[in-house]
Amino acid sequence: MALIEAQQVKQLIDEQQDFLLFDCRFDLVDSEAGYKSYLEGHIPGAIYVHSDKDLASEKNGRNGRHPLPSIAAWQKTYAALGITPDSRVVIYDNQSCMYAVRLWWMLKAVGHQHIELLNGGYQTWCQLGYPSEQSETHRQAAPQTTLTEFNNLVLVNQVVANLESKNFTILDARSNDRFHGQNETLDPVAGHIPGALNRFFKDNLKSDGTFKDPDVLRHEFQSVIGNISSEKIVHQCGSGITACHNMFAMELAGLMGSSIYAGSWSEWSSDPSRPVAQ
């Protein structure tokens, strides 16, 4: 299963099962807030993964706010995190998998098989009264694995070409107001890619921060995308993180084969020649 419950993670720890646990807490406004929260308390044995330093490359003003690293850079990080192709990986954050999904997709996109997201995240762990620790878990590096290029990845030139060809449909994971060019606080240009549909990633969740049931998700996604097949959906958001949340939710619902435009709105809007809709 793509989701794992807190009780199951506790059992894995108690039984000293062989798995890797990653804490992906992050804040778009304060990039060190997630690490500070991790040091204040985390699930025992969890290794911290930084969205900017581990899961993105350097920004140049044209490649978005969280540029996808090269496959060579990702190979090094993959090994530094102690991951091998056979590793069972469990990932969580404290924001209903808002950031954990980026690591989930980056692993999935290079063919990693054993990946689970903690349903409800650290919040649920704490609500159940399970123990936390403050000491940092240091990474045990693994031998470097040769990884294939990212699968299910769409580049900006393909999105530009799609304005004419209409080979796929963009599904924007940002809030409805940002999609319509209102209350934009993160990117200098407001609006959306012409032709895009909108599904706010938080709509994938119940009020307690856990994922909705697969049949509910399937109905809700189909009400947005209509008769478009899931293989023709390309997910986008502000910087390529919460787009992965919609992809995960679609797969949870059995709607497989969609892709990610990792550059997302922050990359698209950095070039004034690219059209903007509101």
Of the criteria (1) outside any loop (DSSP other than H, G, I, E, B); (2) in contact with a His (Cβ under 8 Å, 6 or more places away or on another chain), which one Ser51 fails: (1)
Residue list for the stretch 192-235, restricted to those being in a loop (DSSP other than H, G, I, E, B), touching a residue at least 60 places away in the same chain (Cβ under 8 Å) and of a type in the set (A, V, I, L, M, F, W, C): Ile193, Ala196
Among residues of the stretch 1-21, those that are assigned to a helix (DSSP H, G or I) and surrounded by 10 or more Cβ atoms within 10 Å (Cβ to Cβ), counted: 8
All positions within the stretch 75-107 that are assigned to a helix (DSSP H, G or I) and either at positive phi or surrounded by fewer than 21 Cβ atoms within 10 Å (Cβ to Cβ) (or both): Gln75, Lys76, Thr77, Ala79, Ala80
Close pairs (9 angstrom Cβ cut-off, 6 or more residues apart or separate chains): closer than 13 Å to Tyr35 by Cα in the stretch 123-140, exposed (fewer than 11 other Cβ atoms within 10 Å of the Cβ) anywhere: Gln134/Glu40
Where a residue in the stretch 25-39 is of a type in the set (A, V, I, L, M) and its partner, wherever it lies, is surrounded by fewer than 13 Cβ atoms within 10 Å (Cβ to Cβ), with Cβ under 8 Å and at least six apart: Leu39/Gln134
Out of Gly121, Gly129, Gly111, Gly191, sole residue that is under 29 Å from Ile4 (Cα atoms), of a type outside the set (S, T, N, Q) and touching a strand residue (DSSP E or B) at 6+ places or on another chain (Cβ under 7 Å): Gly121
From Val159, Val189, residue being assigned to a helix (DSSP H, G or I), outside the structural domain of Leu103 (by TED's automatic domain parsing) and touching a residue at least 40 places away in the same chain (Cβ under 8 Å): Val159
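Conditions tested, residue by residue: (1) farther than 24 Å from Ala6 by Cα; (2) modelled with pLDDT of 95 or more.
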| position | (1), (2) |
| --- | --- |
| Phe26 | no, yes |
| Lys36 | no, yes |
| Leu39 | no, yes |
| Tyr48 | no, yes |
| Ser51 | no, yes |
| Leu55 | yes, yes |
| Asn63 | yes, no |
Matching residues in the stretch 179-199 - criterion: being over 12 Å from Val276 (Cα atoms) and at pLDDT 95 or above: Leu197, Asn198, Arg199
Gln236 being within 16 Å of Asn176 (Cβ to Cβ), at pLDDT below 95 and out of contact with any Pro (no Cβ under 9 Å at 6 or more places or on another chain): no
Test: residue in the stretch 33-42 that is over 16 Å from Gly238 (Cβ atoms) and touching a Leu at 6+ places or on another chain (Cβ under 7 Å): no
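The values are calculated or read from the model by the stated rules, or taken from the named source; none is laboratory data. Quantities reported herein were computed from a predicted structural model and do not represent experimental measurements. Positions of Cβ are generated from backbone atoms using ideal geometry, with glycine treated the same way; all protein chains shown enter the neighbour counts.
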